[in-house]
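Encoded as structure tokens, the structure appears first; notes follow it.
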Amino acid sequence: MKVYVALLRAVNVGGTGRLPMAELVRMAEAVGFVDARTYIASGNLLFRSPGSEGEVKARLEETLAEYAGKPVGVMVRTAPELAAVLAANPFPEREPNRTMVIFLDQPPPAEFEVVAPDGEEVRAGAREFYVHYPIGSGRSKLKLPAARSGTARNINTVARLVEMTSEPSGEERGAT
């Protein structure tokens, strides 16, 4: 079985899209995902499944839409894909809490519009944008329309998720 990381969009951010992480684990298990667990209350789900990326994404989005009563965007990466995202960080010398990865379903366009009034730096990746926010993302006025449907995580979170994909599964730890 492959190890997947699902990154939910607009979950538990600013009081909108409230979804208890225990409920997310329950939903994942109900659709057949194995060893489901979350990391921080911002919609990061790790699990194992024999299904393809498209299959697990569709199952999770359908289940979340039933729960929320509206579509919930989900970006899915395998453990090796997520490790490659971390390794490709074009800003390794910058503060990891001010460097974000905006995950997308598709590769970013070859040319994209950026308005970066506060000195933000943007680089395209395989299916993501990397953004360094010198003043932090909370006060930034960055405009990046091509990333509108994505979901962002800082490099610290991405690094921890990569670590978690290598940790023993419930079966390997002796859980029943």
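Worth pointing out:
- Odd one out for GLY136 among (1) part of a loop (DSSP other than H, G, I, E, B); (2) at positive phi; (3) in contact with a Ser or Thr (Cβ under 9 Å, 6 or more places away or on another chain): (3)
- Matching residues, the range 43-72, being farther than 15 Å from VAL3 by Cβ, without any contact (Cβ under 8 Å) to a residue 40 or more places away in the chain and among the small types (Gly, Ala, Ser): GLY54, ALA58, ALA65, GLY69
- Candidates ARG123, ARG94, ARG37 - the one that is of a type outside the set (A, V, I, L, M, F, W, C), surrounded by fewer than 18 Cβ atoms within 10 Å (Cβ to Cβ), in the same structural domain as ASN156 (by TED's automatic domain parsing) and in a strand (DSSP E or B): ARG123
- Residue within the range 150-172 that is modelled with pLDDT of 95 or more and part of a loop (DSSP other than H, G, I, E, B) present: yes
- Residue that is modelled with the lowest pLDDT, among those in the range 94-137 that are among the charged types (D, E, K, R) and under 22 Å from LEU8 (Cβ atoms): ASP105
- Search result, residues across the range 40-54 that are surrounded by 13 or more Cβ atoms within 10 Å (Cβ to Cβ) and part of a helix (DSSP H, G or I): GLU53
The values are calculated or read from the model by the stated rules, or taken from the named source; none is laboratory data. What you see is a predicted model, and the numbers here were worked out from it, not measured in a lab. Neighbour counts run over all protein chains shown; Cβ positions are idealised from the backbone, glycine included.
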